[in-house]
Amino acid sequence: MSFASANVPNIANSTAILEIGANDVMNAIPDILDNKLSIGSFAKSLSDKVVSQLQMLKSAGFKNIYVANIPPLDKIPLMIMQKQTKEARTIVSAYNQLLLAKTDIWAKASNISNFAMLDMNMFLQTALSKTVTNAL
């Protein structure tokens, strides 16, 4: 019995939300720009870690799992100030596409009750839309 299943009452009905990667992208940009790391190898490595963590959550007993992809980092002040918006957009897009493909395969094979990818780009676009901002 794992720590989680021993210490979380009714874990099968609990929800796990997994979000990783934004800091990884920002930390990888210098190596990608210096050609020490390819976007493809970065995306593969990080998405492999997510799938591994999904498997750990499933093994712990979670049946309701959500994964947040990486939001549009090209919109954050640091990327704008460093003039790395194009790079951030390219890396995030490549990673999010690979993550979606890998987690889709994992979810179909894992037979858990409820799995979904949370699209942070869509969330941000909606949150910043004129309809929402005007309502505030």
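The values are calculated or read from the model by the stated rules, or taken from the named source; none is laboratory data. Only a predicted model underlies this, so the values are computations on that prediction, with no experimental measurement involved. Virtual Cβ from ideal backbone geometry, glycine too; neighbours counted across all protein chains shown. When the accessible area is computed, the model is the full protein with side chains, heavy atoms only, and any ligands, DNA or RNA have been set aside. Shrake-Rupley method; radii C 1.70, N 1.55, O 1.52, S 1.80 Å.
Counting only protein heavy atoms and a 1.4 Å probe, tell me what percentage of the chain's accessible area is made up of carbon and sulfur. Whole-percent figure for carbon plus sulfur exposure: 58.
Per residue, the stretch 79-124 exposes 63 Å² of solvent-accessible protein surface, assessed with a 1.4 angstrom probe and all protein chains in place. Between the listed residues Leu118, Val50, Ile29, the Cα displaced farthest toward the positive end of the dipole of the chain, a dipole computed from Cβ unit charges relative to the Cα centre, is found at Leu118. Legend: helices of the chain (whole DSSP H runs) are marked when their alpha-carbon atoms reach 30 angstrom or more along the helix axis and their mean Kyte-Doolittle hydropathy is at least 0.0; marked are 39-60.
For Glu19, the accessible surface of its heavy atoms amounts to roughly 100 Å² (probe 1.4 Å, protein chains only, rounded to the nearest 10).
Largest mean-square fluctuation among Gly40, Gly21, Gly61, in a Gaussian network model of the chain whose springs join Cα atoms under 10 Å apart, belongs to Gly40. For the chain, the dipole from Cβ point charges (+1 on Lys and Arg, -1 on Asp and Glu) about the Cα centre works out to 180 debye, to the nearest 20. What is the chain by shape, rounded, prolate or oblate, if you read a ≥ b ≥ c off the alpha carbon gyration tensor as root eigenvalues and call it rounded for a/c under 1.5, prolate for a/b larger than b/c, and oblate otherwise? Taking the square roots of the gyration eigenvalues as a ≥ b ≥ c, the chain is oblate. Accessible area per residue (1.4 Å probe, heavy atoms of protein chains only) ranks Ser59, Ser52 as Ser59, Ser52, with the largest value leading.
Near Leu46, once Lys and Arg are set to +1 and Asp and Glu to -1 for all other residues with Cβ below 15 Å from its Cβ, the sum equals -1. Accessible surface ranking for Met120, Met56, 1.4 angstrom probe, highest first: Met56, Met120. For Ser14, nonlocal amide neighbours, meaning residues 5 or more places apart or on other chains whose placed amide H falls under 5 Å from its own, are Lys63.
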